[in-house]
Each structure stands twice: as structure tokens, then as C-alpha cells.
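Student: Sharing a structure, written as C-alpha cells. Questions coming.
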């Protein structure tokens, strides 16, 4: 009798074990299916529905799969959910370091608290900056006013023949990323630790990962060419400003329209996010600057520069905004009240572009005569000025915490400048 009961118990335990194994296998199949379909938000939500050890295991599998797919931002978030923040950061850093993305690798080594690895990244970055002093010329023309961007060690720029070419800033190696004939892209951004490129073509937005993907933030049946595009530093929000006066914001995690801002009376000329991504500043050809709250969708303040705006910028803390227009003045605004704080004068032609450094301590401006001025913030003191290009400055980008910035001119040249040396440039790309 006892023997029969023991046998039944053994069979029952084996049956339960089989059920649990099949259930766990089903969970794995579900996760694999979501990953194969690149439904990352759904995969994250699925793991979040699990409990205990199953949840930790699910997030770890998700993180490892995302790491293979080079989805570093999502992978790191999944490692955090799995309780493996430092281990995950080290894995990501090793891949970035091997790919010579030293600045991004340093960020994750800092999270992983590995001082020796951080020092190795610093040495590599310093060596790379020294190499830039040699200078070189590359036979590419840059026809589009805002058609280039800078991230970590990569420059992406439009070329005259159509399409986009990327350059490794330290080695000078070039790689054609997109080469659609007669296609001139605008509003280029490098995101997700240098491995994706974002830009606009007409009323569509493209993203490379590295496969070209496209999306639209315009309502179905309605379209207007995008004149401005911005992505917040946390890579959560994508904002597009069009010729129909409207700003539309999309959540990059699920590609759903999150906010629509209306209020300008003419085309949106420029957009910029604060460091935390909670505020967006917009400038329009109607001469107005507006600051928006990304969480509530409300307009925080509005101000009038008095002339059609070329560019706007917002300080990292979101407290001040800067505008430049078709006049020689730069205006600094309180980004909460909209009141004018300072007017910076010194340019002799209209100011084409403005940029604020990542620490909020410097403002760089360029004008139609090819002159660049560097100002101290918040005092507005002029630190230095110099002739950068023989014709108008088209755009300026500041490399975060790297000690240099780049300028592009209508002379079809992109130049790299030390922040501390007024008249020496590191390297130039030329058409």
C-alpha cells in the first residue's frame, strides 16, 4: 500500500515538474517572440508581469538579448531591473570600448565603479584629441545648412551627391551610411551611444539601427515638411517642428504621439531640450520663443525677439533660454517667466546660430560674416571672438565634456576648434 502511494506521489511530482517546465518554456518562447519582432516595450512589460526569481531571470534574458542587438540603453535598463546594474554596465562598456567609443564606455565604467577602466578611456580620449591636431581634408561637400551632427567620436554629414557619410573623428575613416540619390537629409542626430542616426527627409523621419527604418509624427492624411527636429538627452522624446506651425512629440519607447504643441503663427525654425528632457524650447519665424512642459503639455512661457528666429537654445537646468534672429542681437530669457534677462551685442551681422555648453557656463554664437563669439554665462561677458569661416556660419555643435566644438560654414567646410584656443582649429573636413 505504502509502495503504491509512493509510486503515485513520484508520478505526481514528475507531472508537476513537467507542467512547470512547459510553463517556463512558454514564457521563454513568448519573450523570444517579442524580441524577434523588436517589440521591446512589450517585452519589458511582459517581464514586469513576472514575479520573484522568474522576473529577475526574465529581465536578465531580456538584457542579454538586447545587448546582442546593440540596444544599449534598453539593455542597461533591463539589467537594472534584474538587479545587475554594475555587471550590466561593465558588459556594455566592454563592447563600447572595443568599438573605440571611449567616451560612452567611460560613462558605463563609471556606473560599474571601475577606476582603472575609466583611466584607460581617458588615456584613449586624450590620445585621440592629440591626433586631431594633425588636421586632414576629406573630399566631401556639405550642402545642407543643418546637415551634420556630432556624437562621441563620430561626425555624420550630408554629402553633395546625396545621402549621408559618417566619419570617425580620430582615425578619419569614412563610411557611407545612407546613399539615396538626390536625397538631402536635415536635422541629423546621433543617438544611443553613437550607433543610431536620426534625421528627417521631407515629412518623414528615418532611423538607422543600423537597418534603415522610417516613422512619421504627422497625423494620418496630413503632412508638412519638418523644419526642426530634436531628441532629448535621455532619448525618450522626439520632437518635430514643421512648416505648418505645429510641434509634435513622440515617445521613442513605443513610437506613440505623446504631445502636440500649437501656438506659433509661422514655421517652427528650431527646437532644443533641457538636459533632463522635461522642457522644450521652440523658436519660430514669427519671432516668438516658447518654452513647453513635456510632462503636462502646457506652455510655460512665451517671448518675442522682434525678428524671425534662426535658432534657440535652453540651458541644461531649463532655467534660461537663448534666441538669435535676423538681427545682430542675442537675447537671454528667463525660461519660467519669459522676461528678458540680457541682450548680448557685438556681432555686426545677423546671428545665425547659438549653442550652450553641457555645463551651462558658455554660449557660442556664429554670424553671417563667419565670425564666432564665445560668451560666459550667466554674466554674458564676451570671452573671445575670431573669424572661423570666410562666409556665414551654418551651424555649431559642442562636444560634451571634450574640450572642443565644431562649426560648419557655407564655404562647405566643417572645422574643429579647441574651446580654449581662439584661433587654432584641430581638423577640417572640406568639399
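Student: Give me the residue from the range 288-304 that is part of a loop (DSSP other than H, G, I, E, B) and more than 24 Å from residue 357 (Cβ to Cβ) and, out of that set, nearest to the chain's Cα centre (by Cα).
Tutor: Among them, the one singled out is 295.
Student: Further question on the same structure: Out of all the residues in the range 331-346, is one or more part of a loop (DSSP other than H, G, I, E, B), more than 27 Å from residue 233 (Cα to Cα) and touching a residue at least 12 places away in the same chain (Cβ under 8 Å)?
Tutor: yes
Student: Would you check which residues across the range 373-395 are part of a loop (DSSP other than H, G, I, E, B), touching a residue at least 40 places away in the same chain (Cβ under 8 Å) and buried (at least 16 other Cβ atoms within 10 Å of the Cβ) and list them?
Tutor: If the condition is that a residue be part of a loop (DSSP other than H, G, I, E, B), touching a residue at least 40 places away in the same chain (Cβ under 8 Å) and buried (at least 16 other Cβ atoms within 10 Å of the Cβ), then 377, 392 are the ones that fit.
Student: To continue, here is another question. Got at least one residue in the range 126-138 being modelled with pLDDT of 80 or more, in a helix (DSSP H, G or I) and surrounded by fewer than 15 Cβ atoms within 10 Å (Cβ to Cβ)?
Tutor: Scanning the range 126-138 turns up no residue that is modelled with pLDDT of 80 or more, in a helix (DSSP H, G or I) and surrounded by fewer than 15 Cβ atoms within 10 Å (Cβ to Cβ).
Student: Quick one: count up the residues across the range 5-31 that are over 20 Å from residue 88 (Cα atoms) and modelled with pLDDT of 55 or more.
Tutor: The qualifying residues number 4.
Student: A follow-up question, please. Evaluate the following for residue 307: is it part of a loop (DSSP other than H, G, I, E, B) and assigned by TED's automatic domain parsing to the domain that holds residue 280?
Tutor: yes
Student: Can I ask one more? Sort through 318, 360 and tell me the only one that's outside any strand (DSSP E or B), assigned by TED's automatic domain parsing to the domain that holds residue 377, more than 19 Å from residue 406 (Cβ to Cβ) and in contact with a strand residue (DSSP E or B) (Cβ under 7 Å, 6 or more places away or on another chain).
Tutor: 318
Student: Taking the range 303-318 as the region of interest, how many residues are free of Cβ contacts under 8 Å to residues at least 40 places away in the same chain and either within 21 Å of residue 397 (Cα to Cα) or buried (at least 24 other Cβ atoms within 10 Å of the Cβ) (or both)?
Tutor: Of the residues in that region, 1 qualify.
Student: Hey, another quick one. Tally up the residues in the range 259-287 that are buried (at least 20 other Cβ atoms within 10 Å of the Cβ) and assigned to a strand (DSSP E or B), please.
Tutor: Final tally of qualifying residues: 13.
The values are calculated or read from the model by the stated rules, or taken from the named source; none is laboratory data. Source: prediction; values computed, not measured. Note that we place each Cβ from the backbone using ideal geometry, even for glycine, and neighbour counts take in every protein chain shown.
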